[in-house]
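Below: one structure, written as structure tokens.
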Number of protein chains: 2
Amino acid sequence: MAETQWLSEAEQRTWRKLVAVLMKLPAGLEGQLQRDADISHFEYWVLALLSEAPDRAMRLSALAAQANSSLSRLSHVVTRLEKKGFVTREPCPDSSRSMLAVLSDNGYRKLVAAAPGHVEAVRSLVFEGLGVEELSDLDRACDAILGRIGGPPVPPPR
Amino acid sequence: MAETQWLSEAEQRTWRKLVAVLMKLPAGLEGQLQRDADISHFEYWVLALLSEAPDRAMRLSALAAQANSSLSRLSHVVTRLEKKGFVTREPCPDSSRSMLAVLSDNGYRKLVAAAPGHVEAVRSLVFEGLGVEELSDLDRACDAILGRIGGPPVPPPR
DNA sequence: GGCATTTAGTTGATGCTTCAACTTACTCCC
DNA sequence: GGGAGTAAGTTGAAGCATCAACTAAATGCC
């Protein structure tokens, strides 16, 4: 075991800030969606991903990858969303061991209803008051971290 | 209700990246600590805060504020840490409705034992390969967000 | 002094996440 | 073509977070 490479002063300061963001931002997002739409941020994200997919359907494993979640977590969430009537599970035509999650009309309406409040929250918690400069700082910072962490399975949008 | 101000293209791209970071980074940190030290990231953080406090003791509400957590969450965690023998609860001398969480020697040893692995994970998940430029991007980005979100209760270190 | 409010903390129920164990289907290949 | 191995998904148990309801101590104030 080599000597531990401790963080520099600057790294430590930045790390504390990042941890604070990691703790507080999710809580803020979660809170708004829970209060106003009775849905978790992760559920929202799943609905949003489905709404952008062709036929509003995706294989569970693909959905899990894009949502940065384990398959298990996703499976539980899809079960919940199914119970709420926002999604249905259907066997995948191509591969009989795969399953499709399909966004129902009801689910689409839910997403549309929840979106404005959520975007408003994102704006007010993050982007409002961020200049062009800071936006690109943030963008580069995320790129750098995602580079280390195993990049975003998010395909370049369009 | 005014028209929703949707996110610009650039904001949306950045937002997706940030969400990916928000999902993956905690999972990575959590995983390492759980595996190697059988402790959660939040528990680690609490031990670390206590270790820096005078007499290794803090009032629960102060600790909660610095850890960016609700008092309730903190109280539960202190109970767990107490059971593991890392912390004791003691009545606060100054104010009889306050409680102190005190880091035990055992808890201090635990922290010292867990630190190298954790720092190594932080380094490898975040800082390694971040140039000076990107580090300050990240720092500014965090500042900007924390400014919006209700700044860091983290006092300037020292 | 006595009542209302606020501050500090605790507790129990509920719900979500994780982990490990399991099933079922597909692939390789000999 | 029949196993060995892997890929996709499900499920149940255990642990942690959140919320609301609660106790108790301090403060304000009339």
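Throughout, read-outs are computed from the coordinates displayed, never taken from laboratory work. On a predicted model such as this, the values are computed, not experimentally measured, just so you know. Positions of Cβ are backbone-derived with ideal geometry, glycine not excepted, and every protein chain shown enters the neighbour counts.
From the residues in segment A:30-65 that are of a type in the set (S, T, N, Q) and closer than 15 Å to A:Val77 by Cβ, which one is surrounded by the most Cβ atoms within 10 Å (Cβ to Cβ)? Spell out how you get there, then give the answer.
Of segment A:30-65, the ones of a type in the set (S, T, N, Q) are A:32, A:34, A:40, A:51, A:61.
Filter once more, so that each one left must be closer than 15 Å to A:Val77 by Cβ: A:34, A:40, A:61.
Details: A:Gln34: 12, A:Ser40: 15, A:Ser61: 12.
Step by step, filter segment A:30-65, then rank; the result is A:Ser40.
Could you grab me the full set of residues in segment A:61-80 that are in contact with a helix residue (DSSP H, G or I) (Cβ under 9 Å, 6 or more places away or on another chain), within 12 Å of DNA strand C (Cβ to nearest atom) and under 23 Å from B:Gly28 (Cα atoms)?
Of everything in segment A:61-80, those that are in contact with a helix residue (DSSP H, G or I) (Cβ under 9 Å, 6 or more places away or on another chain), within 12 Å of DNA strand C (Cβ to nearest atom) and under 23 Å from B:Gly28 (Cα atoms) turn out to be A:Ala64, A:Ala67, A:Asn68, A:Ser69, A:Ser70, A:Leu71, A:Ser72, A:Arg73, A:Leu74, A:Ser75, A:Val77.
Condition test on A:Leu22, is it within 8 Å of chain B (Cβ to nearest Cβ), under 17 Å from B:Ala121 (Cβ atoms), surrounded by 15 or more Cβ atoms within 10 Å (Cβ to Cβ) and within 15 Å of DNA strand C (Cβ to nearest atom)?
Here the answer is yes, as A:Leu22 does meet what is asked.
Considering only residues that are surrounded by fewer than 19 Cβ atoms within 10 Å (Cβ to Cβ) and away from every other protein chain (no Cβ under 14 Å), which ones fall in segment B:103-128?
Across segment B:103-128, the qualifying residues are B:Ser104, B:Asp105, B:Asn106, B:Tyr108, B:Arg109.
Condition test on A:Lys84, is it more than 25 Å from B:Arg13 (Cα to Cα) and either within 11 Å of DNA strand C (Cβ to nearest atom) or within 13 Å of chain B (Cβ to nearest Cβ) (or both)?
Working: more than 25 Å from B:Arg13 (Cα to Cα): yes; either within 11 Å of DNA strand C (Cβ to nearest atom) or within 13 Å of chain B (Cβ to nearest Cβ) (or both): yes.
Criteria met by A:Lys84.
Scan (1) of a type outside the set (Gly, Ala, Ser); (2) without any contact (Cβ under 8 Å) to a residue 12 or more places away in the chain; (3) within 15 Å of A:Trp45 (Cβ to Cβ) for the single condition A:Arg97 breaks and write down its number.
(3)
Would you be able to tell me the number of residues in segment B:4-47 that are without any contact (Cβ under 8 Å) to a residue 60 or more places away in the chain, more than 24 Å from B:Ile145 (Cα to Cα) and acidic (Asp, Glu)?
So the count comes out to 2.
Could you check, for segment A:49-60, whether at least one of its residues is in a helix (DSSP H, G or I), in contact (Cβ under 8 Å) with a residue 12 or more places away in the chain, closer than 23 Å to A:Val119 by Cα and within 14 Å of DNA strand C (Cβ to nearest atom)?
Taking segment A:49-60 and keeping what is in a helix (DSSP H, G or I), we get A:49-52, A:54-56, A:60.
When the remaining residues are screened for being in contact (Cβ under 8 Å) with a residue 12 or more places away in the chain, the result is A:49-51, A:55-56, A:60.
Now restrict to residues that are closer than 23 Å to A:Val119 by Cα: A:49-51, A:56.
With the extra rule that they be within 14 Å of DNA strand C (Cβ to nearest atom), the set shrinks to none.
Checked segment A:49-60: no residue is in a helix (DSSP H, G or I), in contact (Cβ under 8 Å) with a residue 12 or more places away in the chain, closer than 23 Å to A:Val119 by Cα and within 14 Å of DNA strand C (Cβ to nearest atom).
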